[in-house]
Amino acid sequence: MTTTASPVSGLIQKMETREARIGIIGMGYVGLPLALLFSQERFQVTGFDIEPEKVAALNSGRSYIVRILPEEVQQAQAAGFRATSDYSQIAQMDAVIICVPTPLNEYHEPDLSYVTETVKALAPWVREGQLIVLESTTYPGTTEEVIVPLLERGNAHGLKVARTLHQPGIHVVFSPEREDPGNDTVARHDIPKVVGGCGPAATQLASAMYGAIFRRVVQVSGPSAAEMTKLLENIYRCVNIALVNELKQLCMRMGIDIHEVIDAAKTKPFGFQAFYPGPGLGGHCIPIDPFYLSWKAKQFDFRTRFIELAGEINTAMPHFVLEQVAIGLNEHSKPVKGSKVLVLGVAYKRDIDDLRESPSLTILEMLRDKGAEVHYNDPYFPTVGRGRHYDLNMTSTPLDNLGQFDAVVIVTDHSSYDYRAIVEQAQLVIDTRNATKGIDSPNILRC
Ligand SMILES: NC(=O)c1ccc[n+]([C@@H]2O[C@H](COP(=O)([O-])OP(=O)(O)OC[C@H]3O[C@@H](n4cnc5c(N)ncnc54)[C@H](O)[C@@H]3O)[C@@H](O)[C@H]2O)c1
């Protein structure tokens, strides 16, 4: 990479010597770990968030994400990390990385309001030569069509986005986040970082910045290719999970164990990657991101049929689980109505403290609507209140008297659960995660 003649070479050098100041907007599941990673690599980091409780927690050395220890926040603090809600501090940053939510609205369409509000708030403070990176997952075109105009209109100095190597201005990049919460097998810095800038200087700058913390940076031709890369990755997961969810239902009818089949298929050393069936999709990514592309595709008079079909199959999975609970109870000559049912796990996946879009919430609500007396247990959630799509107001039930429940439904297979003890004590176990693999009991219904 030839950088000596470029006007960004000064900032590239600051990235390499760790003198660059990094601002990260959105101190959530993505932004906070990223801030800590930059801090560990000796960068001066400022975390921006609109939630005063998060800012206060971080500035007093506390963490609000289970897998991030308070000591990690304290170490970052000792190295200069600070949190703030004051956007005027953006002016002091050399690079600003945006990690705010990108949910769907009630019509299942992209809700970019967090992104647009953030960009409107930071634009007045943007200065010449700064690097602005969007990491939030979104549809191809967002950076060019939404971010760039807001930045150019909103900044106080009439700055434009730099399109060529020697043009002065703001450097704008899209670089998707590839965080996999709960995955301890791949170190964060070993996950290659994709970057696509609005111009070559922007791509160079972002590569220098991320190259300081990630082992490999993958440059693509521009922001749209980077935005689409992230969606391809998540759609690939969504479609493959739908495939095994559908095949699981067929296998159950045919008396075949889908997990045995997947385990056998994955011994093939090429052309196959294992995905596992479950009670439905959860989290902020897989159930949501594909619909960002479906929405955008309509502008091009194009239907994304794989996404729609996968969405249909995956969103039906909680209904399938409900059906299985009814079948299991029926075997014990009990109706759903009036039965006492315990749902194990409300987090959307194993060993994490995130319940966004969790299928457990839907399953709990459906069971309650059918007249069951519902309870839940989750070591990560002592209580579950109200969210955008649920209203539960429940408290986690201790696991000391499992015999009292007519059915125990394993929805999230947290590793802290003793599945053998659960099967021994429970009257009926509905296992949606193959968590009871190897345990032999007539009281288990695997689905
Ligand atoms: N969580 C994941 O595993 C994951 C993985 C890959 C990509 N992503 C993507 O990363 C993005 C962020 O996800 P997340 O899980 O970190 O969300 P999150 O809800 O955990 O965190 C977002 C943070 O942004 C803050 N925020 C909202 N508006 C703001 C504003 N105007 N100014 C400052 N702060 C603001 C919120 O208070 C919150 O703390 C999303 O686009 C998501 O799709 C998430």
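If I model a spin label as a point 7 Å beyond the Cα along the Cα-Cβ vector, how far apart are those points for residue 79 and residue 117 in nm?
Spacing of the two 7 Å Cα→Cβ label points: 3.1 nm.
Counting helices only, and only those DSSP H runs with n ≥ 4, report the 222 nm mean residue ellipticity of the chain as the sum of -39,500 (n - 2.57) divided by its residues, in deg cm²/dmol to the nearest 500.
-11000 deg cm²/dmol
Enumerate the aspartates and glutamates that residue 230 could reach by cross-link, defined here as Cα to Cα under 19 Å, with residues fewer than 8 away along the same chain left out.
109, 111, 135, 144, 145, 177, 179, 180, 190, 289, 308
Starting from the Cα gyration tensor of the chain, take the square roots of the eigenvalues, sort them a ≥ b ≥ c, and report rounded, prolate or oblate (rounded when a/c is under 1.5, otherwise prolate if a/b is larger than b/c, else oblate).
Judged from the Cα gyration tensor, the chain comes out prolate (a/c at least 1.5, a/b above b/c).
What's the ranking of 256-266, 237-247 by average number of surrounding C-beta atoms within 10 Å, highest first?
237-247, 256-266
Using the Kyte-Doolittle scale, which helices in the chain average at least -0.5 and also have C-alpha atoms spread 20 Å or more along the helix axis, with helices defined as whole DSSP H runs?
Span-like helices here: 223-254, 317-331.
Please pull out the direction-averaged projected area of the range 236-337, using the convex hull of its alpha-carbon atoms, in nm² to one decimal place.
If I average the Cα hull's projected area over directions, I get 8.9 nm².
Residue by residue, what Karplus-based ³J(HN,Hα) values in Hz, rounded to whole numbers, does the range 130-145 have, using 6.51, -1.76 and 1.60 with θ = phi - 60° and x for Gly and Pro?
Rounded to whole hertz, the list is 6, 9, 10, 10, 9, 10, 4, 5, 7, 7, x, x, 4, 4, 6, 8.
Could you state the accessible area per residue of the chain in Å², with a 1.4 Å probe and every protein chain left in place?
45
Based on the mean of other Cβ atoms within 10 Å per residue, sort peptides 106-114, 423-431 so the most packed one is first.
Highest-to-lowest ranking by the protection proxy: 423-431, 106-114.
Quick check: residue separation of residue 264 and residue 232 times 0.36 nm, minus the Cα distance between them. What number comes out in nm?
Gain in length upon complete extension: 8.9 nm.
Can you give me the distance in nm between label points at residue 69 and residue 156, each placed 7 Å from the Cα along the Cα-to-Cβ direction?
4.2
Length gain on complete extension for the stretch residue 272 to residue 215, per 0.36 nm per residue less the alpha carbon to alpha carbon distance?
Gain on extension, residue 272 to residue 215, equals 17.9 nm.
For the chain, give the percent of accessible area contributed by carbon and sulfur heavy atoms, probe 1.4 Å, rounded to a whole number.
53
In Å³ and rounded to a whole number, note down the convex hull volume per residue for the Cα atoms of the range 286-386.
Output value, Cα hull per residue: 124 Å³.
Using a 7 Å offset from the Cα along the Cα-to-Cβ direction at both residue 107 and residue 145, what is the distance between the two label points in nm, to one decimal?
If labels sit at residue 107 and residue 145, their model points lie 1.5 nm apart.
Sorting check: for 350-358, 411-419, which peptide has the highest mean count of neighbouring beta carbons within 10 Å, and how do the rest follow?
With the highest mean Cβ count within 10 Å placed first, the list reads 350-358, 411-419.
Given the C-alpha centroids of the range 51-102 and the range 267-306, what is the distance between them in whole angstrom?
32
Would you mind getting me the FRET efficiency between residue 323 and residue 186? Use the beta-carbon distance for r and R0 = 56 Å, nearest 0.05.
Calculated value: 0.95.
The values are calculated or read from the model by the stated rules, or taken from the named source; none is laboratory data. Model, not experiment: these values are computed from the prediction. Virtual Cβ from ideal backbone geometry, glycine too; neighbours counted across all protein chains shown. Ligands, DNA and RNA are excluded from the accessible area calculation, which covers all protein heavy atoms including side chains. Shrake-Rupley method; radii C 1.70, N 1.55, O 1.52, S 1.80 Å.
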